[in-house]
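Everything below concerns the one structure shown next.
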Amino acid sequence: MNEGSLLHDAIVYLAAAVVCVPLAARLGLGSVIGYLAAGAVIGPWGLGLVEHAESAMHFAEFGVVLMLFLIGLELDPKRLIQMRGPVFAGGGLQMATCAAVLAAGLMGAGLSWQGAVAAGLAIAMSSTAIAIQTMTERNLLPTPLGRASFANLLFQDIAAIAVLALVPLLGTARPGGQPAWMQALTGVGAIAGVVLVGRFVLPPVMRLIARSEVREIFTAFALLLVIVIAEAMHLAGLSMGLGAFLAGVLLASSEYRHALEADIAPFKGLLLGLFFIAVGMSVDFGLAADQPGRLALMLGGLLVLKGAALALIAPAVGVEKRERWLFAGLLAQGGEFAFVVFAAARAADALPAEWDALLTGAVALSMATTPLLILAHDRLTARRAREQREADAIDGEGTEVIVAGFGRYGQIVTRLLLAHDVRVTVLDHSPEQIDLLRKFGYQVFYGDATRLDLLEAAGARKAKLLVVAIDDVADSLALVDLARAEFPVLRIVARARNVRHWLELQDRGVTAVERETFESSLRTGRSALEALGMDPYEAREFADAFRRRNLGVLRGLLPHFRDEAKTVALAKSGRQELEENLRRDREARRSEGGADGWH
Amino acid sequence: MILVVYAHPHHSRSIAQRALLDAVRDLPGVEIDALYDRYPDFDIDVEVEQARLARASLVVWQHPVYWYAPPALLKLWFEVVLTRGWAYGEGGTALRGKGCLWVASAGSPAADYTAEGLHGHGFDAFTPAVERTARLCGLDWQPPIVALGAHRDSAGLAERAAAYRTTLEAWTRTHE
């Protein structure tokens, strides 16, 4: 690839992404579909703007590696050890079940048993990139479903090594190269090497580089680190992603964790996008044109068999029953590793070339279907939720108040309302919290309150009031915007995390806003004044005056708060003015001490 | 037990009321219920207040008179503590037979409390609301202790304070 074509390719990739991804997001399809579509458009079967689809794929796989590195950074070793049960037991169960079902299906379709086993194992693995990207977009990773899925994906990454070692044994061709024990030894050695380097060598080196205070060198180092580890693992015959993940875990407790995250994240985003584009390009539309029936059959069979197997084992790996189809949808696609295994199986004469092409096509298409499956799942559940709501209405069980967010804040609000026999529906997205609260008899629904279908299901059309008690500022504002647009008559009472949030809410016309720590801080201030000898009632009056003047200052900021500089200046002068006024109040009072009224 | 229900929003800055309270503070068997210290947010604990009243043989209402009436918190205390069925009305016998002493002070001197003076009436024209409140609850109304213009009259204030102390001492001797 010469320089000109590199720039040319970059223009094509970036332009395709810039056009397709926002379009897909606008249509509610998610970014993955956008990238895949971009790939299909520019690929050899589309406009044919890019010739090097395969090298792009190879390069872009590095996005997956970076993603696993970042995921590793979020998990310190202690949590990883806690996860060993779900990873090995859950992941093992998933791989075994899916591989068995798929292999049986492939044998039924006429493939030899060796080929069926190899392909079954290959397709049993899911696409880490697609599954995690989809879960991240929907904020599913911290949920039990997300954790179970992630544990499975992690196990697949580990199992991939074993699968690759196993595939040549299924074939008739006898490959040369190292014996199995030698390979295993290299693998263990490479992992030990990563652990040792991550533990003992990296921290001092990173300190040294950080001290140089050349920011881009730290970025360069971060990238270099991940690439070297990935390459070392690759040479040792292990999964690059697994090595990067391991390195991430080792650095999770380092003080440079956030710096590493911030530096790597943009590269990960772009390369992952490129990866999806490459998948889109690699879909063999020629095959689809030649044998559309067989390809469709393969794709359908793959999704149905693997999806059913996943739904079957979902309860056993800790996924709630009502979420098992979501779990199936998330993991039903074949993964990028399947391509590698197919190639290896073909090289070992275990898989005929014709099947390789067919299965590769089916796997690539299955990756493209994931976002669509999830979308379909959403639509179905939303419809079911709507149907449920109508049933509620028939029972006359109308909700008066929806409380979004059931942390400590929302709980107090809700308890106050419940004590007054108000019919409250609570939405929260912390599953543990919800399980606990259900035990206490609260009517709590799991879900992201910023989703329209959920709000509707919670009865937002007929409710009188929405209490926004979520702690995430962006979610809070998104919810308020949504409620304002969709349910204009619904009144809103909101919790503000800070002044900025307070201003944003007021600016949206929400007047019943309380800063979450303001009142308790005033209380503590009063206690402090009392401890210094002030009469309790006087301390209260003083705090009341402070509140009044403080709110005055905030209201003064409201017309200007989008202007950062002006806000800072106004806030500063406002604070001085407030203190000055309070001082004057106090002096005036002191001089009227013992006056005729309160003699 | 003598319960002094004391209401002054700015006790520390007071002259007359502080002197009066200091005169009885140390007497044995006297409990001070300083409403503005206890309930600066006006969130009166009715059960606690009623239990305190139930233990008392003499209830003292001590407060400055401002705009011819008790301070807002004492007025609220009347409203929420002296409830129907407890303090008055059917079954409202909790306070019956207990004594009630009103200890009031006013900023204006006695000269203002005349038909020709600033307030157009003698001070006793402003007593009935409080007195009727006590009597309706079956409390035994004692001759009030009133200090007029006392914050500018230290001799007069000392005399009123001493009278207050003597009254409570006498009550303790005869009733406890």
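Using only the alpha-carbon atoms, how far is helix B:154-175 inclined from the longest principal axis of chain B? Give it as 0 to 90 degrees, nearest 10. Result, in degrees: 30. Sorting the segments A:532-542, A:364-374 by their residues' average number of neighbouring beta-carbon atoms within 10 angstrom, most packed first, yields A:364-374, A:532-542. Backbone phi angles across the stretch A:87-96, fed through the Karplus curve with coefficients 6.51, -1.76 and 1.60 (θ = phi - 60°), yield HN-Hα couplings of 5, 7, 5, x, x, x, 4, 4, 4, 4 Hz in residue order; Gly and Pro are listed as x.
Annotation: amide H-H contacts under 5 Å for B:Leu148 (H modelled 1.01 Å from N, sequence separation of 5 or more, or interchain): B:Ala106. Applying both filters, DSSP loop and at most 16 other Cβ atoms within 10 Å, to the trypsin sites (Lys or Arg not before Pro) of the stretch B:16-70 gives B:Arg25. Computed from Cα positions, the angle between helix A:257-282 and the longest principal axis of chain A comes to roughly 50 degrees. Normalised by residue number, the volume inside the convex hull of the Cα atoms of chain A is 216 Å³ per residue.
Peptides A:501-511, A:518-528 ranked from most to least packed, by the mean per-residue count of other Cβ atoms within 10 Å: A:501-511, A:518-528.
At full extension, A:Leu551 and A:Ser527 could sit 6.5 nm farther apart than now, given 0.36 nm per residue minus the alpha carbon distance. Taking amide H positions as placed 1.01 Å from N in the peptide plane, with prolines and chain starts having none, which residues 5 or more places from B:Ala34, or on another chain, fall under 5 Å of its amide H? Under 5 Å from the amide H of B:Ala34 lie the amide H atoms of B:Tyr6, each far enough along the sequence or on another chain.
Classify the stretch A:86-127 as rounded, prolate or oblate, taking a ≥ b ≥ c as the square roots of the eigenvalues of its Cα gyration tensor: rounded when a/c is under 1.5, otherwise prolate if a/b is larger than b/c and oblate if not. Verdict is prolate for the stretch A:86-127.
Here B:Thr133, A:Thr219 are placed in order of increasing Cβ neighbour count within 10 Å, fewest first, which gives A:Thr219, B:Thr133.
Ranking A:Ala40, A:Phe200, A:Thr143 by Cα position along the charge dipole of the protein assembly as shown, where only Lys, Arg, Asp and Glu carry charges on their C-beta atoms, puts A:Thr143 farthest toward the positive end. Net length available on complete extension from A:Ala265 to A:Arg79 is 64.8 nm, with 0.36 nm assigned per residue and the Cα-Cα distance removed.
Would you be so kind as to identify which of A:Thr524, A:Pro536, A:Ala494 lies farthest towards the positive end of the dipole of the stretch A:494-599, taking Lys and Arg as +1 and Asp and Glu as -1 on Cβ and the Cα centre as origin? My answer, from the dipole projection, is A:Ala494. The Cα-based radius of gyration and maximum Cα-Cα distance (Dmax) for the stretch A:294-379 are 14.2, 44 Å. Axis of helix A:3-26 versus longest Cα principal axis of chain A: the two differ by about 60°, to the nearest ten degrees.
Report the local net charge at B:Leu139: Lys and Arg +1, Asp and Glu -1, summed over other residues whose C-beta lies under 14 Å from its C-beta. It would help to have the intermediate numbers written out before the result.
Numbers: positive: B:Arg96, B:Lys98, B:Arg132, B:Arg135; negative: B:Glu131, B:Asp140.
Counting the neighbours of B:Leu139, the net charge comes to +2.
Counting Cβ atoms of other protein chains within 10 Å of each residue's Cβ and taking the mean over peptide A:536-542 gives 6. Mean per-residue shielding of peptide B:10-21 is 4, counting Cβ atoms of other chains within 10 Å of each Cβ. Counting only residues at least eight positions apart within a chain, or on another chain, the lysines with an alpha carbon under 29 Å from that of B:Lys75 are B:Lys98. For B:Lys75 and A:Asp471, the FRET efficiency from 1/(1 + (r/R0)^6), where r spans their Cβ atoms and R0 equals 56 Å, is about 0.85. What is the list of residues in the stretch B:65-91 whose amide nitrogen lies under 12 Å from a point 7 angstrom out from the Cα of B:His121, following Cα to Cβ? Residues B:68-69 fall inside that zone. Shielding of peptide B:32-43 by partners, expressed as the average count of other chain Cβ atoms within 10 Å per residue Cβ, is 3. Rounded to the nearest whole Hz, the Karplus-based 3J(HN,Hα) values (6.51 cos²θ - 1.76 cosθ + 1.60, θ = phi - 60°) of the stretch A:336-347 follow the sequence 4, 5, 4, 4, 5, 5, 4, 4, 5, 5, 5, 4, with x at glycine and proline. Relative contact order of the stretch A:402-525, taken over Cα pairs closer than 8 Å and 6 or more residues apart, is 21 percent.
Among the chymotrypsin sites (Phe, Trp or Tyr not before Pro) within the stretch A:417-501, those in coil by DSSP and having at most 11 neighbouring Cβ atoms inside 10 Å are A:Phe440. Filter the cross-link list A:Lys321/A:Lys464; A:Lys439/A:Lys462; A:Lys439/A:Lys464; A:Lys268/A:Lys321; A:Lys321/A:Lys439 down to pairs whose alpha-carbon distance in this structure exceeds 30 Å. Over 30 Å Cα-Cα: A:Lys321/A:Lys464; A:Lys268/A:Lys321.
Look at the dipole of the stretch B:7-146 built from charges on Cβ: of B:His119, B:Ala94, B:His10, the Cα furthest out on the positive end belongs to B:Ala94. For the protein assembly as shown, adding -39500 (n - 2.57) for each run of n ≥ 4 DSSP H residues and dividing by the number of residues yields -20500 deg cm²/dmol at 222 nm. For the stretch A:26-115, the list of GluC sites (Glu not before Pro) that fall in a loop by DSSP and count at most 16 other C-beta atoms within 10 angstrom reads A:Glu51.
For chain A, the relative contact order comes to 15 percent (Cα pairs under 8 Å, sequence separation of at least 6). Sorted fewest first by neighbouring Cβ atoms within 10 angstrom, A:Val18, A:Val489, A:Val195 come out as A:Val489, A:Val18, A:Val195.
Under a point-charge model restricted to the Cβ atoms of Lys and Arg (+1) and Asp and Glu (-1), what is the dipole moment magnitude of chain A relative to its Cα centre, in debye to the nearest 20?
Details: 56 positive and 61 negative charges, 217 e Å.
Value, rounded to 20: 1040 debye.
Karplus-based coupling profile of the stretch A:183-196, in residue order and whole Hz: 4, 4, 5, 4, x, 4, x, 5, 5, 4, x, 4, 4, 5, with θ = phi - 60° in 6.51 cos²θ - 1.76 cosθ + 1.60 and x standing for Gly or Pro.
Laboratory data are not the source of any read-out in this text; all were calculated from the coordinates shown. What you are looking at is a predicted structure, and each value in this text was computed from that prediction instead of being measured. Note that we place each Cβ from the backbone using ideal geometry, even for glycine, and neighbour counts take in every protein chain shown.
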